[in-house]
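The structure appears below as structure tokens.
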Amino acid sequence: MALTIDRDEIIGTLKREIQEITDMQEFQNLKSKYLGKKGLIKSLMNSLKDIDDVELKKEYGKSVNELKEELETLFDEKLSELKEKEREEKEKKNWVDITIPGARRKIGKENLITKTRKEIEEIFIGMGFSVAEGPEIENSWYNFDALNTPEWHPAREMQDTFYLSLDKEKLLRTHTSPVQVRTMLKSKPPLAIISPGRVYRKDELDATHSPVFHQVEGLYVDRNVSVSHLKMYLEVFAQKFFGNKVSVLLRPSYFPFTEPSFEVDISCIFCGGKGCNVCKNTGWIEILGAGLVHPNVFQSVNYDPKVWQGFAFGMGIERVAMLKYNIPDLRELYKNDIRFIENS
Ligand code: DAH
């Protein structure tokens, strides 16, 4: 029996089939249909055994092998075509446009209270002061008694102070002044410290009051300290903080822990002293309380008031921040509204 192979037909069909192939899976299927274990070439080879004539057998075998090689070439070509396509697709997917501007990350900004606290700290550190800290939960002795604030003083009344115990021993400090006492008990004179921190009072929240706010306390103890030292330090501070043109005015006042005591004003930074709404036409704006340390305070920390004198002051951070950064409402400082923080 003689067998013939219709080479042209087979090649023609495969070429058509191969054209339609779009992915590897289809490719493998088609390849095994022709070249696999149960594929066309295999079955053509199997028919060899049906040929008896040796010459014909040889001939037939040769043409199957040739056909096989042709098919393999076609498949190889298709394979490289598919691989190229795959590479192109991958490249397209991973393409990065390096000309697009990068996404900008917003840079964080400090809250104005923190910023102002640091500014104040830096000025006093520059004048030789160090920074001291004290607890927000205080004993009444540190907050009042040791500061020469007797039982009858209005500052001790319930409406001002958040007491934490019925015997009124524990409280939230109403000012940073107890850090004066804690510092003097811990260290020997001379000393110069400032102490920034949070303080608490039973005040309703409004444009100028808050039940929680911040103060910076100052304490300077040495021999022969007088009001002129106090005024000099405050003047340097005010000019560095608010600007060189600012002058400082001490007005007599009363605090239990200082004698004499002063309310300290700066010349109005808005009108230069001519008179405006902010300074209520006085030309002056109050920024802090101060005075010379009362001998009774020295006595309660075992400093000899005949040897040592000192000045002290306390200022509201929110107050000076509002003046410096022209903020009309205290509540803005606590809201953390990004637009406000960004513009300040
Ligand atoms: N502790 C006072 C207050 O909270 C402020 C103050 C006034 C502090 C005079 C002082 C000072 O150290 O000498 O109102």
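Every number here is computed from the coordinates shown, using simple stated rules; none is lab data. If you're wondering where the values come from, they're calculated on a predicted model, not measured in any experiment. All Cβ positions, glycine included, derive from the backbone under ideal geometry; neighbour counts span all protein chains shown.
Tabulated data for the structure shown
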{"quantity": "TRP95 paired with MET127, simple spin-label distance in nm, labels 7 Å along Cα-to-beta-carbon", "calculated": "6.6 nm"}
{"quantity": "Cα centroid of region 125-163 to Cα centroid of region 71-106, whole Å", "calculated": "72 Å"}
{"quantity": "nm² value of the averaged projected area, convex hull over the Cα atoms of the chain", "calculated": "35.1 nm²"}
{"quantity": "Helix axis angle, 7-19 relative to the chain longest principal axis, alpha carbon, degrees", "calculated": "10 degrees"}
{"quantity": "Principal-axis tilt of helix 227-242 within the chain, Cα atoms, nearest 10 degrees", "calculated": "30 degrees"}
{"quantity": "Centroid-to-centroid separation of region 184-206 and region 227-258 [C-alpha atoms, Å]", "calculated": "18 Å"}
{"quantity": "Filter on LYS37/LYS92; LYS188/LYS324; LYS231/LYS280 - keep pairs with C-alpha separation over 30 Å", "calculated": "LYS37/LYS92; LYS188/LYS324"}
{"quantity": "Protection proxy ranking of 112-121, 308-317, 209-218, 33-42 - average other beta-carbon atoms within 10 Å, highest first", "calculated": "308-317, 209-218, 112-121, 33-42"}
{"quantity": "Neighbourhood net charge (15 Å Cβ-Cβ; Lys/Arg +1, Asp/Glu -1) for GLU122", "calculated": "+2"}
{"quantity": "Potential lengthening between GLU86 and THR282 on full extension [0.36 nm per residue; Cα-Cα distance subtracted]", "calculated": "62.3 nm"}
{"quantity": "Inter-site label distance for SER247 and ASN139 at 7 Å from Cα along Cβ, in nm", "calculated": "4.7 nm"}
{"quantity": "Angle between the chain longest axis and helix 54-93 axis [Cα atoms, degrees, rounded to 10]", "calculated": "20 degrees"}
{"quantity": "Highest average packing first - 250-259, 55-64, 79-88, Cβ atoms within 10 Å", "calculated": "250-259, 55-64, 79-88"}
{"quantity": "Charge tally in the Cβ shell below 13 Å around PRO189, where Lys, Arg are +1 and Asp, Glu are -1, PRO189 excluded", "calculated": "+2"}
{"quantity": "Alpha carbon Rg of region 1-77, scaled by the compact-globule rule 2.2 N^0.38 Å", "calculated": "1.18"}
{"quantity": "Relative packing of 128-140, 168-180, which averages over residues the other C-beta atoms within 10 Å, highest first", "calculated": "168-180, 128-140"}
{"quantity": "Residues GLN299 and LEU205, FRET efficiency given R0 of 56 Å [Cβ-Cβ distance, rounded to 0.05]", "calculated": "0.90"}
